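Q: Here it is, the structure, as structure tokens.
The values are calculated or read from the model by the stated rules, or taken from the named source; none is laboratory data. Here the structure is a predicted model, which means the values were calculated and not measured. Here the Cβ positions follow ideal geometry from the backbone for every residue, glycine too, while neighbour counts run over all protein chains shown. When the accessible area is computed, the model is the full protein with side chains, heavy atoms only, and any ligands, DNA or RNA have been set aside. Shrake-Rupley method; radii C 1.70, N 1.55, O 1.52, S 1.80 Å.
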Amino acid sequence: MQPTELPTSVAARRIDRPVPLRERVYQSMQELIISGHLAAGQHLVESELAEMLGVSRQPVREALQLLNSEGWVDLRPGYGAFVHVPTEAEADELLVVRALLETESARLAALHADAAGVARLRELCRQGEAAVAVDDIEGMVEANAALHRCVTELSGNRVLLDFATQVDRRVRWYYTPIARQRGKRSWQEHAKMVDAIEKGDADAAARIMREHTERTRKSYLDQRKSDAKPEQPPALVRTRRRPGTASARR
């Protein structure tokens, strides 16, 4: 008996699988870290996290292992889990890469963006300015991330978008503590960049984005230097990242 051949349209379909609980806990905890609700250096207690998220301790424990493998959490023998405190070097390295990616994104966006794309950027600028007006830190961070992503989408370069997406979460993490400090000036810079993109001036768009990301990088590093470093026990334990895990989650 010959096996039945399914039509291409049917064979190409995949059954959606529910997201494992540990993944949902992982995502929730990651967002709590990015937003600063779980602060850098903070001791993470499994029972407290489980109660906060409405789950048992097992998925929390598994999520902590995943977060540890990707550098969001540090596991310390005899002490427990702590939110990772980024070193100045690792933050600087990531923000430098971000500047390179987004400078090219702005240049290409100026060459390819249409009227609808520019309108999207204008709307995101309005949202960011509105968040600044009411001192809504989360709103500022969300609008900032959305605008930068929109610029990269308008570049028309999918590989560039993929790389930018990979660093997006950490950029949001680093931006949150300085969102108020950058505030209105940041959105003035955004508006100038959108003007350049609308005019199709690729060189100006790239220059403005490069200067903008450099100011953000400098603000973050200056903030780090002015903050007291939290005390941390020694001896980190870093579990080994599974190949392909990080890219799949991003």
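Q: Give 213, 176 a once-over and let me know the one that is among the polar types (S, T, N, Q), open to solvent by less than 40 Å² (accessible area, probe 1.4 Å) and more than 18 Å from residue 109 (Cβ to Cβ).
A: 176
Q: Moving to a separate point now. Only one residue in 73, 141, 97, 85 is more than 29 Å from residue 203 (Cα to Cα), modelled with pLDDT under 95 and among the β-branched types (Val, Ile, Thr). Which one?
A: Just a single option satisfies the conditions, and that option is 85.
Q: Say whether the condition of being in a helix (DSSP H, G or I), under 26 Å from residue 209 (Cβ atoms), open to solvent by 20 Å² or more (accessible area, probe 1.4 Å) and in contact (Cβ under 8 Å) with a residue 12 or more places away in the chain is met by at least one residue in the range 74-89.
A: Taking every residue of the range 74-89 in turn, at least one turns out to be in a helix (DSSP H, G or I), under 26 Å from residue 209 (Cβ atoms), open to solvent by 20 Å² or more (accessible area, probe 1.4 Å) and in contact (Cβ under 8 Å) with a residue 12 or more places away in the chain.
Q: Same structure again: Return the residues of the range 110-129 that are within 19 Å of the chain's Cα centre (by Cα) and either among the acidic types (Asp, Glu) or open to solvent by 20 Å² or more (accessible area, probe 1.4 Å) (or both); say none if nothing qualifies.
A: Those that are within 19 Å of the chain's Cα centre (by Cα) and either among the acidic types (Asp, Glu) or open to solvent by 20 Å² or more (accessible area, probe 1.4 Å) (or both): 124, 127.
Q: Follow-up. Looking only at the range 1-37, count every residue that is among the β-branched types (Val, Ile, Thr) and either open to solvent by 90 Å² or more (accessible area, probe 1.4 Å) or modelled with pLDDT under 55 (or both) and tell me the total.
A: The qualifying residues number 4.
Q: Answer yes or no: is there a residue in the range 137-157 that is closer than 23 Å to residue 173 by Cβ, surrounded by 20 or more Cβ atoms within 10 Å (Cβ to Cβ) and touching a strand residue (DSSP E or B) at 6+ places or on another chain (Cβ under 6 Å).
A: no
Q: All but one of (1) surrounded by fewer than 17 Cβ atoms within 10 Å (Cβ to Cβ); (2) touching a Phe, Trp or Tyr at 6+ places or on another chain (Cβ under 7 Å) hold for residue 132; state the number of the condition that does not hold.
A: Here residue 132 clears every test but (1).
Q: Now for a different question. Taking the stated definitions as given, is residue 51 among the charged types (D, E, K, R), touching a residue at least 12 places away in the same chain (Cβ under 8 Å) and surrounded by fewer than 17 Cβ atoms within 10 Å (Cβ to Cβ)?
A: Against the criterion (among the charged types (D, E, K, R), touching a residue at least 12 places away in the same chain (Cβ under 8 Å) and surrounded by fewer than 17 Cβ atoms within 10 Å (Cβ to Cβ)), residue 51 does not qualify.
Q: Also: What pairs can you find where one residue is in the range 194-218 and assigned to a helix (DSSP H, G or I) and among the aliphatic types (A, V, I, L, M), the other is surrounded by fewer than 18 Cβ atoms within 10 Å (Cβ to Cβ) and at pLDDT 95 or above, and their Cβ atoms are less than 6 Å apart, with a gap of 6+ or different chains?
A: Pairs found: 202/111; 208/192.
Q: Moving to a separate point now. So is residue 71 surrounded by fewer than 17 Cβ atoms within 10 Å (Cβ to Cβ) and more than 23 Å from residue 224 (Cα to Cα) or not?
A: no
Q: crowded, with 18+ Cβ neighbours inside 10 Å, in a helix (DSSP H, G or I), touching a residue at least 24 places away in the same chain (Cβ under 8 Å) and not aromatic (Phe, Trp, Tyr), is that true of residue 107?
A: In short, yes.
Q: List every residue pair whose Cβ atoms lie under 8 Å apart, where the two residues are 6 or more positions apart in sequence or sit on different chains, the first residue falls within the range 139-162 and is in contact (Cβ under 8 Å) with a residue 60 or more places away in the chain and farther than 15 Å from residue 193 by Cβ, and the second residue, located anywhere, is part of a helix (DSSP H, G or I) and among the basic types (Lys, Arg).
A: From the range 139-162, the pairs are 141/172.
Q: Moving on. Here is a check on your reading of the model: is residue 62 farther than 14 Å from residue 22 by Cβ and in a helix (DSSP H, G or I)?
A: no
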